[in-house]
Amino acid sequence: MKKTFLVVLALLVVFSVSAFAQFNVKVGMDFSGEFTFEEEPVSISADIKNGFTIAGEYVVPYSDEIDFGIGLAYQFARSFDEVGANEDATFSFVPIYGVAKYNIEQFYVLGQLGYNMFNTSEELTGDLKTEGGLYYGVGGGIKIAENIFAEILYSANNGKLTDDVDEIKVNNSQISAMVGFSF
């Protein structure tokens with residue numbers, strides 16, 4: 001965790017030398033998606049409830065069309081949307097990622113790739129330990145005004161639940177609608 005924080009901090013310092021850099025703050029709704037538990041050879045999927053995400057990105061223009069940056073998001077705790085599901089059995093992810101954007105006038109497409117931390121409530125995992133994993137997202141957006149934008153993003157979070165014997169892979173995929181402000 002400390003190594004990840006130091007890498008992110010170092011990247012922020014390196015990127016801050018650019019006078020044209022911008023900081024984006026965005027908030028959005030994560031629509032009901034799918035959460036998968038996979039322990040070979042069995043895979044179980046469950047629908048999840050809608051949730052919310054807040055994110056910050058530091059973006060530096062590389063050319064007129066291409067921007068690169070880093071980001072950090074917090075996906076608020078969500079529960080399962082199954083009949084009889086325990087409302088206290090929740091999970092959340094915290095992705096740290098690199099972002100690349102390709103601008104086409106007021107529209108853009110983007111890709112995100114990074115690592116996410118995986119957190120759960122005790123009601124969901126019991127004695128199992130959580131481990132983070134790969135995070136990725138692809139989407140597009142539109143610049144509504146000079147400082148305001150909206151995006152649609154498909155993202156997937158990966159992680160693991162482990163104990164001394166077993167390892168269960170988890171995956172959460174979702175579509176998010178975000179609005180943001182640049183400064």
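Things worth noting here:
- Of all residues in the range 53-64, at least one satisfies being touching a Phe, Trp or Tyr at 6+ places or on another chain (Cβ under 8 Å), over 19 Å from Met178 (Cα atoms) and open to solvent by less than 80 Å² (accessible area, probe 1.4 Å).
- Val165 being part of a loop (DSSP other than H, G, I, E, B), over 19 Å from Phe52 (Cβ atoms), open to solvent by 30 Å² or more (accessible area, probe 1.4 Å) and of a type in the set (Val, Ile, Thr): yes
- Which numbered condition Glu146 misses (of (1) farther than 25 Å from Ser45 by Cβ; (2) modelled with pLDDT of 90 or more): (2)
- A Cβ distance below 8 Å, combined with a sequence gap of six or more or placement on separate chains, defines the contacts here; from the range 84-98, residues that are touching a residue at least 24 places away in the same chain (Cβ under 8 Å) reach residues that are of a type in the set (Asp, Glu) and surrounded by 12 or more Cβ atoms within 10 Å (Cβ to Cβ) in the pairs Asn86/Glu123; Asp88/Glu123; Ala89/Glu123; Thr90/Glu123.
- Contacts under 6 angstrom Cβ, first residue in the range 61-81 being in contact (Cβ under 8 Å) with a residue 12 or more places away in the chain, partner open to solvent by less than 80 Å² (accessible area, probe 1.4 Å) and basic (Lys, Arg), 6 or more apart: Asp67/Lys101; Arg78/Lys49; Ser79/Lys49; Asp81/Lys49
- Any hit, the range 79-96, residues being of a type in the set (Phe, Trp, Tyr) and in contact with a Gly (Cβ under 7 Å, 6 or more places away or on another chain): no
- Selection within the range 30-78: residues that are of a type in the set (D, E, K, R) and in a strand (DSSP E or B). The member of this set that is modelled with the lowest pLDDT is Glu39.
- Sub-8 Å Cβ pairs linking a first residue in the range 102-125 that is at pLDDT 95 or above and of a type in the set (Phe, Trp, Tyr) to a second residue that is outside any strand (DSSP E or B) and open to solvent by 30 Å² or more (accessible area, probe 1.4 Å), at least 6 apart or interchain, are Tyr102/Glu65; Tyr115/Thr4, ordered by first then second residue.
- Scan of the range 168-183 for residues that are open to solvent by 60 Å² or more (accessible area, probe 1.4 Å) and either β-branched (Val, Ile, Thr) or at pLDDT below 95 (or both), ordered by number: Lys169, Ile175, Val179, Phe183
- Scanning the range 137-153 for residues that are exposed (fewer than 13 other Cβ atoms within 10 Å of the Cβ) and assigned to a strand (DSSP E or B) yields a single hit, Ile148.
- Filtered residues of the range 91-133 (kept if open to solvent by 30 Å² or more (accessible area, probe 1.4 Å) and over 22 Å from Phe52 (Cα atoms)): Ala100, Tyr102, Ile104, Glu105, Gln106, Phe107, Gly126, Asp127, Leu128, Lys129
The values are calculated or read from the model by the stated rules, or taken from the named source; none is laboratory data. Quick caveat: nothing in here was measured; it's all calculated off a predicted structure. Every residue, glycine as well, gets a Cβ built from its backbone with ideal geometry; the counts of neighbours run over all protein chains shown. Heads up: the accessible areas ignore ligands, DNA and RNA and are worked out on the full protein's heavy atoms, side chains in. Shrake-Rupley method; radii C 1.70, N 1.55, O 1.52, S 1.80 Å.
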